[in-house]
Amino acid sequence: MTDFPVPLDNLIAYVKALHPDGGPLDNVADAMAVSGVLDEQADALIGHFVDQARRSGAAWSQIGSSMGVSKQAAQQRFVSRASGLVPEGQQMFSRFTQRSRNVIGAAGRIAKADRIDAADLAASLLAEPEGLAAKVIHRAGLTDEQIFTVVGAGPAAAGEDTDAAALRELRFTADGKETLKGTLKAALRLGHNYIGTEHLLLGIMFAGGATGQALVSLGLDAETAERLLAIEYAELQAQRKAG
């Protein structure tokens with residue numbers, strides 16, 4: 001699987017955007033939530049905000065409480081790595097756009113055994129035809145039927161708008177969870193503080209599972225998707241300027 005690193009600055013900006021008016025301890029709690037779906041850079045991300053909280057005067061007991069651990073556990077994790085803290089080092093659904101929430105809601109309706117997998121998510125991207133993911137798929141010259149056939153799921157019908165609270169009730173298979181991790185990485189990699197359908201598409205590819213490989217077999221890999229997505233972004237910006 002190709003490694004797509006996420007700049008730490010993008011991680012920090014994303015966490016700050018979760019609670020723009022929050023204080024240092026809110027940032028620590030949010031960093032913990034985000035790091036829970038990241039495989040790498042988690043300690044660096046949490047460490048950055050722990051350092052900020054300490055600089056603001058927060059006690060280790062308060063920091064531990066924000067992290068959901070004891071004072072001693074927080075200190076053991078972040079105190080004294082040569083120079084002390086490492087400065088470089090459930091909220092996610094609130095950053096999903098309405099279209100991306102609807103995609104996951106649609107995936108939930110077609111999921112087998114009430115658990116959403118990557119194939120369900122891939123098929124459901126096409127339930128939002130105006131979403132950037134569907135546009136990228138079609139720009140790649142692929143039809144809805146080709147996607148349904150190759151991933152072995154779908155079609156997924158569009159439904160009523162899905163809210164973030166409803167998403168938290170859904171369950172995911174292991175590869176579905178990996179897709180969500182990849183989705184967050186895709187948004188952070190692009191420097192976005194929201195998660196759209198395009199990030200779900202990239203997340204499927206970044207997860208490196210069977211569904212991502214199925215899309216690659218149709219000629220749609222992560223690099224191609226990012227290239228086509230750049231065209232979509234450029235066209236959107238041109239339309240806004242013209243309007």
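The values are calculated or read from the model by the stated rules, or taken from the named source; none is laboratory data. Quantities reported herein were computed from a predicted structural model and do not represent experimental measurements. No Cβ is skipped: glycine too gets one built from the backbone with ideal geometry, and neighbour counts run over all protein chains shown. Only protein heavy atoms, including side chains, enter the accessible area calculation; ligands, DNA and RNA are left aside. Shrake-Rupley method; radii C 1.70, N 1.55, O 1.52, S 1.80 Å.
For region 196-243 and region 93-119, what is the separation of their Cα centres, given in Å?
With region 196-243 and region 93-119 each reduced to a Cα centre, they are spaced 18 Å.
Around Ile195, which amide H atoms from residues at least 5 apart in sequence, or from another chain, sit under 5 Å from its own amide H, with H modelled in the peptide plane?
Under 5 Å from the amide H of Ile195: Phe96, Thr97.
Please list the non-local residues whose amide H lies under 5 Å from the amide H of Phe172, H modeled 1.01 Å from N, same-chain partners needing a gap of 5 or more.
For Phe172, whose amide H was placed from the backbone, the distant partners under 5 Å are Ile116.
Using only alpha carbons, build the gyration tensor for region 113-159 and give me the equivalent ellipsoid semi-axes, biggest first, whole Å.
Ellipsoid semi-axes (Å, largest first): 18, 12, 8.
Please turn the phi angles of region 209-217 into ³J(HN,Hα) values with the Karplus equation 6.51 cos²θ - 1.76 cosθ + 1.60 (θ = phi - 60°), one per residue in order, whole Hz, x for glycine and proline.
Ordered by residue, 3J(HN,Hα) equals x, 5, 5, x, 5, 5, 5, 4, 5 Hz.
Report the one residue of Ala165, Ala111, Val150 whose Cα lies farthest in the direction of the positive end of the charge dipole of region 87-206 (charges on C-beta: Lys and Arg +1, Asp and Glu -1; origin at the Cα centre).
It is Ala165, whose Cα lies furthest towards the positive end.
Counting each DSSP H run of 4 or more residues in the chain as -39500 (n - 2.57), what helix-only mean residue ellipticity at 222 nm follows after dividing by all residues, to the nearest 500 deg cm²/dmol?
One gets -18500 deg cm²/dmol as the mean residue ellipticity at 222 nm.
Any lysines with Cα under 25 Å of the Lys135 Cα? List them, leaving off those in the same chain fewer than 8 positions away.
Once the sequence-local lysines are set aside, what remains near Lys135 is Lys177, Lys181, Lys185, Lys241.
If you count only protein heavy atoms with a 1.4 Å probe, what accessible area per residue comes out for the chain, rounded to a whole Å²?
47
When the accessible area of region 151-243 is computed with all protein chains present and a 1.4 Å probe, what percentage of it is carbon and sulfur?
Ligands and nucleic acids excluded, carbon and sulfur give 50 percent.
Looking at the P(r) of the chain, how many percent of alpha-carbon pairs lie beyond 27 Å?
39
Test of understanding: what is the full-extension gain from Lys241 to Ser217, defined as 0.36 nm times their sequence separation minus their Cα-Cα distance?
4.9 nm
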